[in-house]
Structure formats: C-alpha cells, structure tokens
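A.B. asks: This is the structure I want to talk about, given as structure tokens.
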Protein chains: 4
Amino acid sequence: MIIVMQSRATDADVQHVVDQIKKLGLNAHLSRGVERTIIGVIGDERLIRRERLALLPHVEEVIPILKPYKLASREFRAEDTIVDVVGVPVGGKDIIVIAGPCSVENEEQLLSTAESVKAAGARLLRGGAYKPRTSPYAFQGLGEDGLRILAKARKITGLGIVTEVMESGEVDMVAEYADLLQVGARNMHNTKLLRSLSRLNKPVLLKRNFSATLNEFLMSAEYLLSGGNSNVILCERGIRTFVEYSRNTLDLNVVPAVKILSHLPIIVDPSHGTGRHDLVLPMSRAAIAAGADGLMVEVHPSPAEAFSDGEQSLTPELFRRLMEEITPIAAALGRGI
Amino acid sequence: MIIVMQSRATDADVQHVVDQIKKLGLNAHLSRGVERTIIGVIGDERLIRRERLALLPHVEEVIPILKPYKLASREFRAEDTIVDVVGVPVGGKDIIVIAGPCSVENEEQLLSTAESVKAAGARLLRGGAYKPRTSPYAFQGLGEDGLRILAKARKITGLGIVTEVMESGEVDMVAEYADLLQVGARNMHNTKLLRSLSRLNKPVLLKRNFSATLNEFLMSAEYLLSGGNSNVILCERGIRTFVEYSRNTLDLNVVPAVKILSHLPIIVDPSHGTGRHDLVLPMSRAAIAAGADGLMVEVHPSPAEAFSDGEQSLTPELFRRLMEEITPIAAALGRGI
Amino acid sequence: MIIVMQSRATDADVQHVVDQIKKLGLNAHLSRGVERTIIGVIGDERLIRRERLALLPHVEEVIPILKPYKLASREFRAEDTIVDVVGVPVGGKDIIVIAGPCSVENEEQLLSTAESVKAAGARLLRGGAYKPRTSPYAFQGLGEDGLRILAKARKITGLGIVTEVMESGEVDMVAEYADLLQVGARNMHNTKLLRSLSRLNKPVLLKRNFSATLNEFLMSAEYLLSGGNSNVILCERGIRTFVEYSRNTLDLNVVPAVKILSHLPIIVDPSHGTGRHDLVLPMSRAAIAAGADGLMVEVHPSPAEAFSDGEQSLTPELFRRLMEEITPIAAALGRGI
Amino acid sequence: MIIVMQSRATDADVQHVVDQIKKLGLNAHLSRGVERTIIGVIGDERLIRRERLALLPHVEEVIPILKPYKLASREFRAEDTIVDVVGVPVGGKDIIVIAGPCSVENEEQLLSTAESVKAAGARLLRGGAYKPRTSPYAFQGLGEDGLRILAKARKITGLGIVTEVMESGEVDMVAEYADLLQVGARNMHNTKLLRSLSRLNKPVLLKRNFSATLNEFLMSAEYLLSGGNSNVILCERGIRTFVEYSRNTLDLNVVPAVKILSHLPIIVDPSHGTGRHDLVLPMSRAAIAAGADGLMVEVHPSPAEAFSDGEQSLTPELFRRLMEEITPIAAALGRGI
C-alpha cells in the first residue's frame, strides 16, 4: 500500500500518517519526491482498511499494491488447476463442451437434447430448473421436478449435470442432483450463496456478473476458495456495454487475462455472451482460440418453441457444426475436444 | 409487438408469420412498405415470448411496443404513490432524508449517530447488519446483534429503521426489526428475495443494480407489486461506467425519467452513488433539484474508523451542513424537508 | 511514479530498474516490503514514458503519482478562473445561460429565437453553422452563411455568439464571427484543432467527449492552456453508457469533481446530455445545484420543424420556465442569473 | 418507420399524424391494437427527420425500421467487397497482416522493423507520422519527414504503406505517400476528413471509435461510400467499458456482426484493442477465428525504447510467433496467410 501525500502536506502531517501505520502494526517507509512525499506501507496491506489512512489529513491517495485476492492468484499456485467433474477434467489439455437447453421444459425435450449433444461430443449436460427471469410474468423453471428430469437424463446418457442454484437455502437440495453447481451471473456477488457452496465437496461453475471487473470476479472465486472449496471453474458470459447489436458484449480478453493472473480454469458461454444464435459459432471458435478451457452452449430441439432464451439457442444440427468447427481450432493449439 | 420482415421475404413467409400469430390467440395487421412488410400484432404482447416469432423464416426483427411492466407504470396509476414508513410519508410533498452508518458496529456508534442525524433533521435511520462485501476477508456485519442495536436506537430516538435483507430465508427475521426493508443493488435481480418481500405488509426500498436499465429496475419493482406489496420506494445509487474519478456514476437522469414512466417514489443515495465524501453534498443538492423524493446518506461519527465505506461517509457536522444546503433547494421546488 | 516489482524479482532485477531510472536523470528510492519491493521515482515523472520502466524484467506495474495535467490543475492555480466572453464573465458569481437553436436554419428562425432567449435572460446566443452529423444524408449546416446570420443576430440583440469550429483550417474564419469558439464533443481529441485554438486570443468552450475520462478532458484543456490560451470553459454534455432511456447519460458528478481538481469554469449542456426535452428542465435545475457555472440549452421556435435535434429542443415558452425554475436554485447557492 | 401513439391518443390525434405523414410525401397505414394504435409509414423513411413526427401531440415513440446506412449494407451488395491495396487483396480468401511501429521514429528503426515483419509474413507496413496524443507534452510524430521514411521503406521492402491522416487539409499530402490511408478512432466522426477521403481514389482504413455503436461505425463508412470511394476496410480496435485490466475492451463480436450486416472487409487491431503486449497473441488468434480478414499489429525492435505505445508493442521475435500461431487457425477456416 502506498500513501501519496498532498503537495501542501507538512512534515507533521507525514509523521501523523507514519504513526497511524505503526499503530496498525505495520511499518512505514518514506520517499520524499520533488513535488510530494509518498509513504510505503510494509506488511500485509490486505489486513487494513484503506479509509484508515485515506481520511487522514493531507493524504491525497491510497494505492493498493497487492492484489486483493490471494488463493485465486497465480502467485499462490503456479500450475493450472484441473477441476474434476465426475471424471471430466476441466482445465487440462482437453476442451470441455457443456451443452443443453436454457430451461428444462419436460422429459422429452431434455432427453432428446441430451442424446443429440452427447452424440456431437458434449461432455456435460446443462439445463436450468430454477431460472432468474427479468419479468415476474415469465417462466421461472420447473424447480425440483426439473432436477429429477436432469437426473434421469444423466442415468440414460451418462453425462454429468450442470445446473444453477439460486439461494444458500437450496444448495443442499440442488447438490443432491447436480455434478457441477452453477452460480449465475446475477448471483456472483451473493456472498451467502458463495459461502454455502464453499463448504461443499462439489465443483462450482462461477459465472461473471455482467458488470464485474476481473478483480471482483476473482474475489468471488476467493470466497469459494477461502471457505475450503478449491474446485472452481470460471465462466465468462458477456458484459454490459453501450453496444447495441448483441445482448451482451462477450469479453474474450478476460480469458488470457485470467490465465496470467490465476490458476483457475475458465470457460466461455457464447450463448448468453452474445444473445444471438448467429454469433454463437464464430464466437465459440474465437473463445477456443483465445485459450478458453471449454464452452457452455445452449441447444434446443426447436428454439422457436423454447420457454426461454430461444433467440440464442442452437438447433442440434447447428451444434454439431459448432463442434466440427472448433475441433481444428483446438488442434491448432495442441488441444483435443 | 411489430414484426419486421426481411426485404427478401415472400408472401408465403409473411402468411406463415400471420398464421403463427393467430395460433397464439392474437391478431395480425399487415403493412406493406416500399422496401419491406411489417406486421402488427393485435393483443397483449406481454403474454407471448418474442422468440416464438423472431425465429420464423425471414423475420428480421421483433419490436415490442408495450412496456414490459404494467403495475409499476404511470399508465396503470396516474397519481404519485406515497409510501408510509411508520408514519413517515415517502413520495409526498416532503423530502425525506434517511441517514446513518454503513454498518452497525456497536451500540455507542449507532446511538450517537442516530441522535446526531435526528437532531439535524433525518426522518429515518439506516444501518447495515448484514453486509455484502466484495472481499471474504472484510467485515460482514453483526447480523442479528446488529438488528437488536437498531431496534434499541429506534426505541430511544423514535426513528424508523432501514436495513438490508440479503436472502429470502432471512426476510421474516429482518422484518421483525426493520420498518423499511432494503434490497441492495447486488440483489435487485434476486427474484426469490423479491417474491418473499412481495408477500410482506412492510415497505421495501429497492436499490437499482449498478448495471440495470430503467426497464429492468421497474421490472424488479413489478415483482414486488405483482406479488401484492405496493409499498415500494425506488433508490438510485450509481451505475457502472468507464468513469474513473468516482466509484460509481450517480445517474440523476433516472429521477425525472422514473417520474414520467412510473408512479413510485424515488430517492437517491449519493454516498454509494459517488463513493467520495467530497462529492456527497453537491450531488445531494442536485438530487433534490432533479426531483428526488428523498436521500439516503451515510454518516459516521469518525469515518476514518468506520468498518466499511468510510471514504464516502459524512461526519455529523458535514451532515448538518448537507441538511442546511438542501433546505432552500427543496423550498425552491415547493417542498419541505 | 512508483514501480512495483514482481514478487520473484531478484536484487539484480531491482538494481537494473534503479540504474535505468538514474540514466533517465531521475532518482530512485527503494522500499522493501514483505511480499515485494517497490521503487519510488524522485523527479518530474511527466517527462518520462512509462514503458521505459514498465517493460524492464520483473516489473509488475508502474503507477503514476502526479496528475498528467499541470496548468489545468487547482494546484497550479488556486483561485477560480473567470473567463470573459465579450463582457460576460463565466465562472464568477453569476450563472451564465447560453441558448439558441442547434443549427442556424435561416435569418427569421435565428432572430426570433435570439430575441426570445434574450428576453428570458440568456446572456449568450448559440447556433451551429457547421454540424457534425452521424448521417451523410442529414443537414450539415449553412456554413459561412450561418455565421453571417449569427453576426446579424449579435448586432440586433447584443448577445455574444457561441458557435462550433470543426477543423484547424477553419479556425481563423470562424473566429472572425464567434465570441466563444466551441470544440464539439467529437473533436475533444482533435489535437490539431486544439493547437490552432490555443494560439487565439478568444475564449474556447471545450465539450467533453462522450467517452472521455476526467483526466482526458483536462488533458484537452491542457493543450489549450499550454499553447497560450487560458480562456477555457469546460462543458459536460453527457457520456455514453448502457442506459437506454436517455440518448446520453448526463454526468453531473463531473461538475464538483472539476471544481476540486481544476480552476477552470464548467457549464452543462442538458439538451445533448439527455437528448430528451422532457428531461431538460429537471436536469438544468440539478446542474445548477451541483455547482455548474452555467448552462447551454437548445431552443427552437418550433422544435418539430427543426433541421436537427428537435427532440431535445425547448420551445421559447419552456425556456422561460427553465429560467424561472433555476433562479431560486441559483439563489439558494448564493448566485445570480 | 413506425409511430406508436400514446394510449390516451384520440382519433383526431391519430388523424393529425397521418396528415403530417402525407404532407411529407409518404403514406400511412393504421393498425389499431387493444391498448394503442400504431401507424406504419410507407416510403423511404431515411428522407425524413424523426422529430417531425416524434413531437406531434400524443405520439409515444417513433421506431425506425430501415437501417440508417444503405451503401454499406449487405442488402445493397450481397457479395463480399475485396479492397485492393497496391496488389494486396483485403477481404478475400487470405488473411492480411499489417505490422510496424506505432510511430516512425527514425530511418533505422523503421527499416529494421519493416524487414523483420516482412520476413515473418506481413503484407503491409504500418507506421504513424502524425500522432494524436492525449498529452500535449508527448511525442506528436515526425510529420512529413516520417512519411518520407515510410516511402523509403516501401522502396526497399516492397511493402505497401499504411499511415494515419488527421485532417482534411492534409489528405492530399499524406495520400502522396500512403497506399492505405488510416482514419484513427478519434477521427471516425470527423465528417470533413471523411468527405475529403471519399473523393480519393485510394483505399481507406476506417478505425472504429472507442464508443461507436455498429450503426455509427457503418454510418462513417457510408460517408466514404456515398462520396464515391468504395475501397473501405473497417478496423475494430477496442471499445471503452468499465473493464480495468486491459486499456480497451477488444470487441470481437463486431466481426461476425459486420459480416452479417455489411459487405465490407473488417480487420482487427489487437495492440490498441488490448493495450497489453501479453494479450496480443491470444487475441490475434481469436480475431482470426472470429472471421476477421486481417490484423494490424504494432511491432518495435525495442518496445521499452518506443516513443509511443511501447507497452502494447511486440518484439520482432514475438511477432514471428504470432504469425506461426495464426497460420493453423486461418487454415482451420480454409484461409491462407
């Protein structure tokens, strides 16, 4: 942590800041520049609140030096983390594709989708039983009935299940059915949910909130890691910008940035990330080329009939084409599908 | 709802769309332009999913005409809603100021703050017992102990209590203590929490998510209203933009925009909205001038010692000055404090 | 400037950075923390390029300490600058309102607008003769004919003229007619135009680009100041965000932020800032309450007939109401109109 | 264009709008819904200003149906445009890579860079002689001397020259040296510059402004096309968002979106797009995978010594690796380098 003093700060002001730093159990180091004095704080700055120092007289700015996250950082762990989801390794050499409908609508819809995505090469099955919808008048999911249908699909196809949990009170119940528990973008900041999931022994798929910085994204992962759950997979799913031609702006830059700063695997959701089925294929190719460890793609047997998110869903046929198109891209990076 | 056909759509394509609209129980109206045909949907478009029509062959675009919210709209209710919070009317002629610390830290801190903000003219007391924090290593609130301290402050000062509830499972417990239940910005999309609160008989303060459009903001209010709770107060608290000199960008434009589109009262939180104590006073004046029905302001007896958000907290003295400064602005608009 | 070394940096790496700093004619100051070493640069960091140091081995980050602007800063000049525009002082005790049509369309339209805004209390007349339009098929302004009409309006009404100049090659010509030369938001980064204007003896109205940070805004002012023209008035006119209900998001927070960081006057353009005539009045009141030194407002005798920006233009009658509404707000801040 | 009437509009209000539409030489088509009436405008809506209708009594909204651009649209021209830059076809089967330093600094720097990028497979040489810099104290380019050095490099290496022109007054001079004239992001809205370039016979590289929507981007291309210059190459170079870990947010979604809406070729600048050399390689791969027709990459023999943008420049060695990495990605899409 570095404290920049205002140019009009006196020696007494500087000394006062130094005294406060020492009171907090840390050490201070002065550096007198031509225009102003800066004070370096020696010790673990994560333990002190910046306002403790920022509001002292004639302090101009307090600049943190350490990243706010620790366990999620590449410095804490140099090798890539590989998360095992019922035998499917996410973050390793293979690109893992998760596919399925936005919402579980009924047994037939889910089973037919599951069979077709499995045939095309998907390794895990997604499907929403609890849906956070903008409108109170929209379909909100089948709830536990949906989870039971997902379990049946797993039994038949052997595909592990990825599904969203929306509240800490529902974690245990959803965990009975799911193999990978998804924290939705709207819940990335839900600290109670994160704490509950941090005590589980099951892997968690953490979606980036649409206005989360990378620091905030990794801090949510830190909630999971610091609570004891190290099986965390990150997922980029589009950010909110001024752009009007896609529902969200899929931010692929975050993929290599995460790889530099963290050891956690990261996958990409091009369906929510763009909101347009005609952008899903090119952006899936781009995600793999950028270094993503996998994809999560919405597939529906008949998108126009979907209860939710039909406009961004692929038909099974288009999904097969997606798998064909990403295979040589993965190969170009020395990865399999 | 209006369906714009692609320029290459044939008569058969158009007829196919018309047939689908009729199947959905609605009527269609054709308008053939020079370059393309558009189809108007006659009936309540809120009842159909747009992908039903958007994914039909040669449909270029589906444009909704009706606002997605109904109960929250000015068309549904022309007169301003006035929400009664234990005798304090929010949305009426008087500007209502809510003040208090970000977090309840201990009895002494809260009581001294409560006394001083009451003396300066605040009508309700805010204080957080459950805190959603970005860092798992930061102070997370005193929990129910904090609520008990708030209740004590109410007993002593007579000020009604405003505090945040973070999960549907905690609604009943928090409602025992709070007079106005706050939905934090990070929870504006938490539909389970909104549904729980919609069944209560207590007023709700709904904060705008930092990346919520006005439509989304009013749709969250619609969750509360459609569930049966019409005592909803909206709160603008800053949006996320590229701007770097304030923690958030307080979006005062939303105040007159809400007044045009909705009958609900709206207040402004300049503390979170700017994140800087030196911007709180001018932006409070601006909020009142823009037509806000009140303010929610963070006050702490010693901001540098605050457990959270010290950099945006006012001292009791600065808060008194704020009250003095907004009084003539309110008067200029024919309102009292 | 502070250099943060990576945690794995060796003593030799640190020494190498120190050597480079000395080669650049500056001094270095070491501060060894628990996790990493930081190096303070002693001397005027504005003179060196950060990549000189950022790309050295094992440097993690280079953090500038000084603001990039100097002449525009409050530290350089503590008192408020008051810019004289043909006898009208901008930045002093009085709020200055500039009004007029978006585009000069013809003599009758301009003269009638000029008379009516003068009668209502406007102190300067705006009108565009050169218009930067998004569409090549839209009206691009009357050019020099428009300037001649503006000059005639000045002669008749006595109001000083505010008009936009779009290119360095047109500065001399526009300066013959204008009393205050406007740099449009799209040209805030046009360094050739800024350099030309910096050599003039006439005041400049610098509009903030819709995606400019405050640093960038003040750096454009620095171009003008460092070239010798100290008569600079800043103008906030809305930024680009995800918000959908206003054409731009008027960012009033910048007003008090500029007052803290700079000595230059700042006015607000609520017409472009919101793009909606029904938001202009409340946001004008808010701008004055936030501390703006003036307003620039679009007024048209018949907005529906306007060649440009009709949707954000006020009728003369609404403009009179605006002046009535801001007068008591200004008075509440101890200012006149 | 569709006019949505307010729910309280009377038959007379509707008739009034219809009359106005007819006065403008267009036809109207009524569609009476359950809650409101909508009016379709038959004819070329691009010829009328929306405020003409938007400000009529009881009009709620005016919704344009046609895209504002015409010549740039895929509907106007179905086949991909291939732009010939001194024999190098941009937009065809081959991926074209443009490389070189941000600024021309001296002959040796430029020639050595030119030789090395040519050897690695670049097809065109970039280099800035006129630099738009945020700071008036930063290096502003060598001007015409820089252009002469570029011309010499072309003579020696045979690589065509890509360089920026900043003002309409300099178009002729820069066009004497350049083979592809670049319009920088800050100038995308500079209509005078666009008009000057539209009269040239040379190809133009149009960079997207960092806050331009896709509509605005294509409207700037329309300025060039409508003026008679159809040799337009688009370039995505990052947009401004709240994201903090990259200087800009490279928006690759725009690549497939442009391919759907327009016939113009589009390339990607990952250097400015990310601002970080360690993100350039992965995002270059991603750009090609998304369907870009080429790249523009900054290369410098010694980035730490660069006069500008060193932090985002590649060394010649890293550039060679970039070329190696994108080759199999291009091949996967059936394209050559």
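A.B. asks: Run the label-point distances for residue B:215 please: 7 Å along Cα to Cβ, every other copy, nanometres, shortest first.
C.D. replies: Going from nearest to farthest copy, the values are 1.4, 3.2, 3.5 nm.
A.B. asks: Still on this model: Would you list which lysines come within 20 Å of residue D:118, measuring only between C-alpha atoms, while excluding same-chain residues fewer than 8 positions from it?
C.D. replies: By straight Cα distance, residue D:118 reaches D:93, D:152, D:155.
A.B. asks: Using only DSSP helix segments of four residues or longer, with each worth -39500 (n - 2.57), what per-residue ellipticity at 222 nm results for the protein assembly as shown after dividing by its residue count and rounding to 500?
C.D. replies: -10500 deg cm²/dmol
A.B. asks: Find every distance from the label point of residue D:139 to the corresponding label point in the other copies (7 Å from Cα along Cα→Cβ) and write them in nm, one decimal, shortest first.
C.D. replies: Output for residue D:139: 4.7, 5.0, 6.0 nm, nearest copy listed first.
A.B. asks: Could you tell me the ratio Rg/Rh of the stretch B:100-175? Both radii from Cα atoms, Rh via Kirkwood.
C.D. replies: Computed over Cα atoms, the ratio is 0.98.
A.B. asks: Then there is this: Put a label point 7 Å from Cα along the Cβ direction on residue D:173, then list its distances to the equivalent points in the other copies in nm, shortest first.
C.D. replies: Output for residue D:173: 1.9, 7.4, 7.4 nm, nearest copy listed first.
A.B. asks: Could you do me a favour and compute the accessible area per residue for the stretch B:117-274, 1.4 Å probe, result in Å²? List each step's numbers first, then the result.
C.D. replies: Working: 4010 Å² over 158 residues.
Averaged over the residues of the stretch B:117-274, the accessible area is 25 Å².
A.B. asks: Another question, if that's okay. Rounded to the nearest 10 Å², what accessible area does residue C:272 show when all protein chains are kept and the probe is 1.4 Å?
C.D. replies: 20
A.B. asks: Tally the DSSP beta bridges in the stretch C:200-321 and give the antiparallel ones as a percent, rounded to 5.
C.D. replies: 10
A.B. asks: So, one more: From the gyration tensor of the Cα coordinates in the stretch B:35-143, what semi-axes in whole Å does the equivalent ellipsoid have, largest first, with each one equal to sqrt(5λ)?
C.D. replies: 48, 23, 10
A.B. asks: Another one. Size of the dipole of the protein assembly as shown about the Cα centre, Lys and Arg at +1 and Asp and Glu at -1 on the beta carbon, nothing else charged, in debye to 20?
C.D. replies: The calculation lands at about 0 debye.
A.B. asks: What is the distance, in nm, between label points placed 7 Å from the Cα along the Cα-to-Cβ direction at residue B:119 and at residue B:35?
C.D. replies: In this crude spin-label approximation the distance works out to 6.8 nm.
A.B. asks: Would you mind getting the Kirkwood hydrodynamic radius of the stretch D:224-331 from its Cα pairs, rounded to one decimal in Å? All intermediate terms of the calculation are to be shown ahead of the outcome.
C.D. replies: Numbers: mean 1/r = 0.0687 Å⁻¹.
By the Kirkwood definition, the hydrodynamic radius is 14.6 Å.
A.B. asks: For the stretch D:78-138, what is the Kirkwood hydrodynamic radius in Å, using each pair of distinct C-alpha atoms?
C.D. replies: Result for the stretch D:78-138, one decimal place: 13.6 Å.
A.B. asks: Accessible area lost on pairing D with C, both sides, 1.4 Å probe, Å² to nearest 100?
C.D. replies: Adding both sides of the contact gives about 4100 Å².
A.B. asks: Ok, one more. Of the heavy-atom accessible surface of the stretch A:1-59 (probe 1.4 angstrom), what whole percent is carbon and sulfur?
C.D. replies: About 47 percent, which is the carbon plus sulfur part of the accessible surface.
A.B. asks: Rounded to the nearest percent, how much of the accessible area of the stretch B:97-179 (1.4 Å probe, protein heavy atoms only) is carbon and sulfur?
C.D. replies: Within the stretch B:97-179, the accessible surface is 47 percent carbon and sulfur.
A.B. asks: Looking at chain B only, what percent of DSSP beta bridges run antiparallel? Nearest 5 please.
C.D. replies: Antiparallel bridges make up about 40 percent of those DSSP assigns within chain B.
A.B. asks: So which aspartates and glutamates pass the test for residue B:22, namely a Cα distance under 16 Å, with those fewer than 8 places away in the same chain ruled out?
C.D. replies: Partners within reach: A:305, B:13, B:44, B:45, B:51.
A.B. asks: Need one number: % antiparallel among DSSP beta bridges in the protein assembly as shown, to the nearest 5.
C.D. replies: Working: 72 of 180 bridges.
Roughly 40 percent of the DSSP beta bridges within the protein assembly as shown come out antiparallel.
A.B. asks: Which angle between 0 and 90 degrees, to the nearest 10, do you get for helix C:107-120 versus the longest principal axis of chain C when only C-alpha atoms count?
C.D. replies: Between helix and principal axis, roughly 80 degrees.
A.B. asks: Per residue of D:62-69, what is the mean number of Cβ atoms on other protein chains within 10 angstrom of that residue's Cβ? The partial results should precede the final answer.
C.D. replies: Details: counts 1, 6, 0, 10, 6, 1, 5, 4.
If you average over the peptide's residues, the count of other-chain Cβ atoms is 4.
A.B. asks: What whole-number value in Å² describes the accessible area per residue of the stretch A:16-70 for a 1.4 Å probe?
C.D. replies: Using a 1.4 Å probe on heavy atoms only, each residue of the stretch A:16-70 averages 46 Å².
A.B. asks: Also: Calculate how large, on average over all directions, the projected area of the Cα convex hull of the stretch D:247-306 is; give the answer in nm² to one decimal. Walk me through the intermediate numbers first.
C.D. replies: Working: hull surface 17.3 nm².
Across all orientations, the stretch D:247-306 yields a mean hull projection of 4.3 nm².
A.B. asks: Need the list of lysines near residue A:131 for cross-linking: C-alpha distance under 17 angstrom, and skip anything on the same chain fewer than eight residues off.
C.D. replies: A:207, B:192
A.B. asks: Another question, if that's okay. Taking the 0 to 90 degree range and rounding to the nearest ten, how far is the long axis of helix C:144-157 tilted relative to the main principal axis of chain C, both from C-alpha atoms?
C.D. replies: 70
A.B. asks: Which parts of the stretch A:174-191, residue by residue, lose 40 Å² or more of accessible area when the rest of the protein chains are there, as against the chain isolated (1.4 Å probe)?
C.D. replies: Residues of the stretch A:174-191 that lose at least 40 Å² of accessible area once the other chains are added: A:186, A:189, A:191.
A.B. asks: Here's a follow-up. At a probe size of 1.4 Å, how large is the accessible area of residue A:173, to the nearest 10 Å²?
C.D. replies: 50
A.B. asks: OK, next. Rg and Dmax of chain B over Cα atoms: what are they, in angstrom?
C.D. replies: For chain B, the Cα-based Rg and Dmax read 23.2, 76 Å.
A.B. asks: Report, as an integer, the average count of C-beta atoms from other chains found within 10 Å of each Cβ along D:217-223.
C.D. replies: Partner Cβ neighbours, averaged per residue: 3.
A.B. asks: Additional query: From other protein chains only, count the Cβ atoms within 10 Å of every residue's Cβ in B:228-239, then give the mean. Don't skip to the end; give the middle numbers.
C.D. replies: Values: counts 0, 0, 0, 0, 0, 0, 0, 0, 0, 0, 1, 7.
For peptide B:228-239, the averaged partner shielding equals 1.
A.B. asks: Along the Cα→Cβ direction, 7 angstrom out, place labels at residue A:156 and residue B:19. What is the inter-label distance in nm?
C.D. replies: Going from the residue A:156 label point to the residue B:19 one covers 3.0 nm.
A.B. asks: Still on this structure, I have one more. Please report, for the Cα atoms of the protein assembly as shown, the Rg to one decimal and the Dmax as a whole number; what are they, in angstrom?
C.D. replies: Rg then Dmax for the protein assembly as shown, in Å: 30.4, 87.
A.B. asks: What part of the accessible area of the stretch D:287-337, given as a whole %, is carbon or sulfur when the probe is 1.4 angstrom?
C.D. replies: 52
A.B. asks: Between residue A:278 and residue A:63, with labels modelled 7 Å along Cα→Cβ, what's the label distance in nm to one decimal, could you check?
C.D. replies: 4.7
A.B. asks: Got a number for the accessible area of residue B:70? Probe 1.4 Å, square angstrom, nearest 10.
C.D. replies: About 80 Å², rounded to the nearest 10.
A.B. asks: Just the Cα atoms of the stretch B:137-229: what Rg and Dmax do they give in Å?
C.D. replies: 13.7, 40
The values are calculated or read from the model by the stated rules, or taken from the named source; none is laboratory data. Just so it is clear, the structure is predicted and the values come from calculations on it, not from any experiment. Quick reminder, even Gly has a Cβ in these numbers, built from the backbone with ideal geometry, and neighbours come from all protein chains shown. For accessibility, only protein heavy atoms count, side chains too; no ligands or nucleic acids. Shrake-Rupley method; radii C 1.70, N 1.55, O 1.52, S 1.80 Å.
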